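Here the structure comes first, spelled out in structure tokens, and everything after it is commentary.
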Amino acid sequence: MLREPLARDFILDSGCEIFPIVMASVWLAEHQTPYLVRLRPAAVQTLKASLEAALREQVDVDVENDEGFAIGGWLRSAVEPQLLAKHLARCMTPVGMPAGVRYLRLADRRVFELIWSISNLAQRQEWLGPISQWWTLDRLNLLVPHTVEQSVAWQLNYLRIDSKRWRRMRNCELVQQLLRGWRRFQRELPPDYLQRAANAIEAAQSLELDQAADIVLLAAYIVQIHPRLCEHPRVVQLVKSARQESPNLAQRLSELPDDSWDEIGRELTNMPALHQSFDPLTYASVE
């Protein structure tokens with residue numbers, strides 16, 4: 001973590017306990033290591049302070065970009081916190097991580113939100129394990145409960161993630177960049193912001209863009225104009241020419257006046273889809 005959201009003395013003085021989430025295969029300094037706080041039922045002020053800190057984290061997109069989110073959420077579990085910490089450590093270091101990935105930042109609620117949205121029921125059961133309920137704060141400042149009914153007895157195991165989910169999870173930072181930019185021109189995001197942002201990033205990648213800035217830029221046009229923007233021949237040609245020649249994509253896109261973009265949006269609204277759309281993300285607390 002880049003900063004401590006709550007002073008440790010404040011946590012301990014309230015009678016709460018701190019349990020580090022130690023990942024054996026990952027070296028982290030003590031101040032970087034995520035941890036659980038075991039809340040006492042009477043520690044209302046500590047719970048309140050954590051919620052207030054989470055709200056402050058997402059007021060300003062520049063602060064979020066620089067400092068990230070330190071409050072991961074609020075969990076309920078019947079197992080001892082040491083065992084819960086081991087489960088979370090194994091969730092954060094799943095089997096088969098791609099090269100270059102140190103660990104999965106499950107303690108970051110932006111990461112957890114995306115993982116949950118692309119996971120099916122069985123995968124969600126694995127993620128939660130002994131956790132009966134996990135609340136996170138979304139970008140609409142709403143508390144979102146995540147819970148599933150376990151079909152079999154829980155066991156402490158390392159998780160395995162397939163390549164398709166890894167590919168979508170590797171888009172997490174691009175999705176967050178897009179959402180931060182979206183917040184700059186539209187203060188209130190729509191309820192399906194995560195689905196729309198993730199699908200826009202994948203649509204931009206379908207035109208073989210490989211630079212993060214270009215992908216996020218085109219995705220921003222997608223969320224503003226039409227979800228199938230990358231199907232329009234004029235847009236396809238603009239992107240193709242920007243890849244093969246100068247000037248860059250930003251200049252190519254800016255050369256089109258607003259009325260041309262409006263016309264493209266209308267044409268796409270009246271034009272049937274050329275191919276099956278991307279798999280929709282299921283952003284819901286319970287399947």
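Taking +1 at the Cβ of each Lys and Arg and -1 at the Cβ of each Asp and Glu, which of Leu194, Pro5, Trp27 sits farthest along the dipole of the chain towards its positive end, judged by Cα position relative to the Cα centre? After comparing all options, I get Trp27. Between the listed residues Ile161, Asn65, Ile215, the Cα displaced farthest toward the positive end of the dipole of the chain, a dipole computed from Cβ unit charges relative to the Cα centre, is found at Ile161. Each of Leu209, Leu178, Leu140 was scored by other Cβ atoms within 10 Å of its Cβ. Arranged with the fewest first, they read Leu140, Leu209, Leu178. The charge dipole of the range 180-278, taken about its Cα centre with unit charges on the Cβ of Lys, Arg, Asp and Glu (plus for the first two, minus for the last two), comes to roughly 280 debye.
Please work out whether the range 117-164 counts as rounded, prolate or oblate from its C-alpha gyration tensor, where a ≥ b ≥ c are the square roots of the eigenvalues and a/c under 1.5 means rounded, while otherwise a/b larger than b/c means prolate and anything else oblate? Since a/c reaches 1.5 but b/c is at least a/b, the shape of the range 117-164 is classed as oblate. Sorting Val152, Val144 from the fewest to the most surrounding beta carbons within 10 angstrom yields Val152, Val144. Determine the shape class of the range 172-270: with a ≥ b ≥ c the square roots of the Cα gyration tensor eigenvalues, call it rounded for a/c under 1.5, and otherwise prolate if a/b is greater than b/c, oblate otherwise. Oblate, because a/c is 1.5 or more while a/b does not exceed b/c.
When Rg/Rh (Cα atoms, Kirkwood Rh) is computed from the coordinates, the matching label among (i) 0.97; (ii) 1.01; (iii) 0.94 is (ii).
What separates the Cα centres of the range 138-204 and the range 42-81 is a distance of 18 Å. Of the GluC sites (Glu not before Pro) found in the range 141-236, the ones in coil according to DSSP and having at most 12 other Cβ atoms within 10 Å of their Cβ are Glu149, Glu188, Glu208. Rounded, prolate or oblate: pick one for the range 8-161, where a ≥ b ≥ c are the square roots of the eigenvalues of its C-alpha gyration tensor, a/c under 1.5 means rounded, and failing that, prolate if a/b is larger than b/c, else oblate. Rounded shape, in that the Cα axes give a/c under 1.5. Each of Trp27, Trp154 was scored by other Cβ atoms within 10 Å of its Cβ. Listed from fewest to most, they are Trp27, Trp154.
Entry note, the chain: the mean residue ellipticity at 222 nm calculated from DSSP H runs of n ≥ 4, each adding -39500 (n - 2.57), is -14000 deg cm²/dmol after division by the residues and rounding to the nearest 500.
All of the numbers you see were taken from the coordinates with simple rules; none came from a lab. In this text, all values refer to a predicted model and were calculated from it rather than measured experimentally. Neighbour counts are summed over all protein chains in view; Cβ atoms, including those assigned to glycine, are modelled from backbone coordinates with ideal geometry.
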